[in-house]
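The values are calculated or read from the model by the stated rules, or taken from the named source; none is laboratory data. Everything numeric in this text was worked out from a predicted model, so none of it was measured. Neighbour counts run over all protein chains shown; Cβ positions are idealised from the backbone, glycine included. Note: accessible area is taken over every heavy atom of the protein model, side chains too, but ligands, DNA and RNA are not part of it. Shrake-Rupley method; radii C 1.70, N 1.55, O 1.52, S 1.80 Å.
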Amino acid sequence: MATNAPATTGATCIAHPVRQDAWWVTPLLTVVVFVGFIIYSSWRALEGFYQPGTTHFIQEPYVSPLYALHFVKSGWGFLASTNVSPALFVLPIPLFFRLTCYYFRKAGYRSFLADPRACAVPESRKKYAGETVMPWVWVNLHRITFFFAAALVFLTYKDTVEAYIFDGRFGIGVGSLLYTLEAVMVTLYTFSCHYFRHLVGGKIDCFDCPGGAVRYSLWRWVTAWNVSHMQWFWASLVSIMLIDLYIRLLGAGVIPQDPRIVF
């Protein structure tokens, strides 16, 4: 059927005027929130060096998720002798995992590098090499950091279980609930990862082949989570900061006591 619509060319797209809506709000919020979290977590990591009994990062039975999870309680000897914050040994893992995350590559490029600035906003770049050249090739290590991040998720559940034990008795405190929220959010973020989705359902020719049905079920399950991967990214980040801030306020006496019910 004939149409009077003009043909669209590459030149027309490039010459398209900059959008008039507030497209810059999302990139700006990304920078503010993510940089704010890095500053906060760095301050907390450097604030409480390995000092048994300090209130900076531990309020029994709670241990800040920024402080090497259960490693603080187990008491690494070399950390005590060097007076190095255990957070410095663990924080790089989730930080690198998030920086190389498929979602954050888009958000990071737009927010921190303004390249591209947003959809339908012209670029000044004439060539595009993707992530095949330095320094961008390093983001492909995401598939390796995933396994370390997944291991930390399981350790998070260990701390979550311990958050319900008060002097050998089962109980529920505000910190317990915050730990549970954090564990769920971190799980949803980590295992909604695009790489994990490819890991369970990629490189297979047919789902009807032996073992294919199981992988197809896993792929559909991860795909359902993957749809909200961006939301899990920010929700998990906020949940980590909430539990750490709660422990810090308990230690500082700003919150006098953790409300809890012990059975």
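Taking the criterion of being open to solvent by less than 20 Å² (accessible area, probe 1.4 Å) and within 23 Å of the chain's Cα centre (by Cα), the only residue of segment 247-261 that qualifies is I247. Mind checking which pairs have a first residue in segment 17-38 that is at pLDDT below 80 and aromatic (F, W, Y) and a second that is open to solvent by 50 Å² or more (accessible area, probe 1.4 Å) and in a loop (DSSP other than H, G, I, E, B), Cβ under 9 Å, 6 or more apart or different chains? What qualifies is W23/R117; W23/C119; W23/A120; W24/R117. Does any residue of segment 214-232 turn out to be modelled with pLDDT of 80 or more, under 30 Å from Q59 (Cβ atoms) and under 16 Å from the mean Cα position of the chain (by Cα)? Yes, the conditions are met somewhere in segment 214-232.
Could you look through segment 133-184, keep only residues that are of a type in the set (F, W, Y), open to solvent by 10 Å² or more (accessible area, probe 1.4 Å) and closer than 30 Å to D115 by Cα, and pick out the one that is modelled with the highest pLDDT? This residue is F147.
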